[in-house]
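So the structure is just underneath, and the comments pick up after that.
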Amino acid sequence: MNRTWEVVVVGGGLIGALVAFTLRRAGARVLVLDADRPGAAWRAAAGLLSPDGERLAGTPLQADALDGLRRWPALAADLERGSGASVHLRSGVRRLQRGGGAQVTPGEGTLHPPSVVRAARQGLEVVPARVYGLRPERGSVRVQADTGEWRAAQVVLAAGVWSAAFGVAVQPQQGQALLLRHAGPLEAVFGPSGRGFARYALSRPDGLYVGATARATWAADPDRQAARWLRGATQQLVPGAAQAPLAAHLVGLRPVTPDGLPRVGPHPALPGVTVAAGHGRHGALLAPVTAARVLSLVQAQVSS
């Protein structure tokens, strides 16, 4: 257990797994410690790659969102070659307009977050562990967890909303979604934009995904009010699936920051620790950019 690693990644979700995959491809010896907590955001994520659907035009996230969209085809191909399994990257996102009609932005699409995480973890050493201490010591970092202790030249903190335990300014925004037993070649569709939560639906390999609510809470249990709202969204977006049987009621805790911008950079108080957290509802879209940025930061630390 007390082995020394070049990099320990704390958190094995969508961000952490892709960061670790990118570091390993660059030649680093990487260990992933994953707590697999209830409410992990990636397990409930839609997998939307739609800057326009997420209304990011003109925001500080627009450039990174477009960069992430451009990077995904090559990254998906790398993941599939390495794992032998599809991540289900598909093109096509429609945005319904009030009064009828729809808009489409070329290049937008979707993928399947659980498949991405499984593919990224292939070939990585992933240990179930809840980390409770990061202790910089003499040019390395001691990582203390409930299942053991490790030492790393560098640590990447990608624990989602639980990164808050290490001084990162993130808070939970609960999102709920329904996964319905309904097949069909449905491309992703957004309901008309307006006040309130964005409504969207998309076909995935595990069913028809309909989402999503947003509420500031640490609760990770589904509730009936959210289920009713999501059934109403289904009726609006995919009327033929409104009564489809339920496969799963998903709940995830999105890590959001006070200004809505991810935190990707050196930890201000922990030398040797790089933060990659706070992506909110845009984790899938921004993950390739975050992974590339973390790789640059880690390599800069090695050469300094």
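The values are calculated or read from the model by the stated rules, or taken from the named source; none is laboratory data. Note that the coordinates shown come from a computational prediction; the quantities given were computed from them, not determined experimentally. Because the Cβ atoms are built from the backbone with ideal geometry, glycine has one as well, and the counts that use them run over all protein chains shown.
Only one of (1) more than 19 Å from PRO288 (Cβ to Cβ); (2) surrounded by fewer than 22 Cβ atoms within 10 Å (Cβ to Cβ); (3) touching a Phe, Trp or Tyr at 6+ places or on another chain (Cβ under 9 Å); (4) of a type in the set (A, V, I, L, M) fails for VAL131. Which number is that?
If we test VAL131 against (1) more than 19 Å from PRO288 (Cβ to Cβ); (2) surrounded by fewer than 22 Cβ atoms within 10 Å (Cβ to Cβ); (3) touching a Phe, Trp or Tyr at 6+ places or on another chain (Cβ under 9 Å); (4) of a type in the set (A, V, I, L, M), just (2) comes out false.
Which condition breaks for LEU178 when tested against (1) of a type outside the set (Gly, Ala, Ser); (2) in contact with a Phe, Trp or Tyr (Cβ under 8 Å, 6 or more places away or on another chain); (3) surrounded by fewer than 22 Cβ atoms within 10 Å (Cβ to Cβ); (4) under 30 Å from LEU237 (Cα atoms)?
(3)
Filter the range 39-78 down to the residues that are on the phi > 0 side of the Ramachandran plot and small (Gly, Ala, Ser), then identify the one that is nearest to the chain's Cα centre (by Cα).
Pass one, the range 39-78, residues on the phi > 0 side of the Ramachandran plot: 39, 47, 55, 58.
With the extra rule that they be small (Gly, Ala, Ser), the set shrinks to 39, 47, 58.
Details: GLY39: 12, GLY47: 8, GLY58: 22 Å.
Filtering first and then ranking leaves GLY47.
Considering only the range 284-304, how many residues are among the polar types (S, T, N, Q) and in contact with an Asp or Glu (Cβ under 9 Å, 6 or more places away or on another chain)?
Qualifying residue count for the region: 1.
What number goes with the only condition from (1) under 20 Å from HIS249 (Cα atoms); (2) modelled with pLDDT of 95 or more; (3) out of contact with any helix residue (DSSP H, G or I) (no Cβ under 9 Å at 6 or more places or on another chain) that LEU178 does not pass?
Unmet for LEU178, out of (1) under 20 Å from HIS249 (Cα atoms); (2) modelled with pLDDT of 95 or more; (3) out of contact with any helix residue (DSSP H, G or I) (no Cβ under 9 Å at 6 or more places or on another chain): (3).
Per-residue answers, yes or no, for (1) over 30 Å from THR105 (Cβ atoms); (2) not aromatic (Phe, Trp, Tyr):
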position	(1), (2)
LEU124	yes, yes
GLY133	yes, yes
SER140	yes, yes
ALA145	yes, yes
PHE166	yes, no
GLN171	yes, yes
PRO192	no, yes
VAL210	no, yes
ARG215	no, yes
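Anything in the range 85-101 that is of a type in the set (Gly, Ala, Ser) and in contact (Cβ under 8 Å) with a residue 12 or more places away in the chain? List them, or say none.
ALA85, SER86, SER91, GLY92
Every residue in the range 88-113 that is surrounded by 15 or more Cβ atoms within 10 Å (Cβ to Cβ), out of contact with any Pro (no Cβ under 9 Å at 6 or more places or on another chain) and of a type outside the set (Gly, Ala, Ser), please.
The answer is ARG90, VAL93, ARG94, THR110, LEU111, PRO113.
Check the range 69-82 and report whether any residue there is in contact with a Gly (Cβ under 9 Å, 6 or more places away or on another chain), of a type outside the set (Gly, Ala, Ser) and outside any helix (DSSP H, G or I).
no
Which of (1) outside any helix (DSSP H, G or I); (2) within 19 Å of the chain's Cα centre (by Cα); (3) in contact (Cβ under 8 Å) with a residue 40 or more places away in the chain; (4) surrounded by 16 or more Cβ atoms within 10 Å (Cβ to Cβ) does ALA219 not meet, given it meets every other one?
For ALA219, the failing item is (4).
Can you pull out the residues in the range 199-212 that are touching a residue at least 24 places away in the same chain (Cβ under 8 Å) and surrounded by 20 or more Cβ atoms within 10 Å (Cβ to Cβ)?
ARG199, TYR200, ALA201, LEU202, ARG204, LEU208, TYR209, VAL210, GLY211, ALA212
Mind counting the residues in the range 40-68 that are farther than 20 Å from ALA198 by Cβ, outside any strand (DSSP E or B) and of a type outside the set (Asp, Glu)? Spell out how you get there, then give the answer.
Looking only at the range 40-68, we keep the residues that are farther than 20 Å from ALA198 by Cβ, and these are 40, 63, 67.
Then drop every residue that is not outside any strand (DSSP E or B), which leaves 63, 67.
Applying the additional criterion that residues be of a type outside the set (Asp, Glu) yields 63.
Summing the residues that are farther than 20 Å from ALA198 by Cβ, outside any strand (DSSP E or B) and of a type outside the set (Asp, Glu) in the range 40-68 gives 1.
Hey, can you tell me all the residues within the range 35-47 that are touching a strand residue (DSSP E or B) at 6+ places or on another chain (Cβ under 6 Å) and surrounded by 24 or more Cβ atoms within 10 Å (Cβ to Cβ)?
Scanning the range 35-47 gives ALA41, ALA44, ALA46, GLY47.
Pick out the one residue from GLY260, GLY240, GLY265 that is at pLDDT below 95, of a type in the set (Gly, Ala, Ser) and surrounded by fewer than 16 Cβ atoms within 10 Å (Cβ to Cβ). Write out each step before concluding.
Numbers: GLY260 fails: at pLDDT below 95; GLY265 fails: at pLDDT below 95.
From the options GLY260, GLY240, GLY265, the qualifying one is GLY240.
Any chance the range 7-16 includes a residue that's surrounded by fewer than 18 Cβ atoms within 10 Å (Cβ to Cβ), in a strand (DSSP E or B) and not polar (S, T, N, Q)? Explain how you work it out, then say what you get.
Step one: of the range 7-16, the residues surrounded by fewer than 18 Cβ atoms within 10 Å (Cβ to Cβ) are none.
No, the range 7-16 contains no residue that is surrounded by fewer than 18 Cβ atoms within 10 Å (Cβ to Cβ), in a strand (DSSP E or B) and not polar (S, T, N, Q).
Select from the range 103-128 the residues that are out of contact with any Phe, Trp or Tyr (no Cβ under 9 Å at 6 or more places or on another chain) and among the hydrophobic types (A, V, I, L, M, F, W, C) and write down the one among them that is nearest to LEU157 (Cα to Cα).
VAL126
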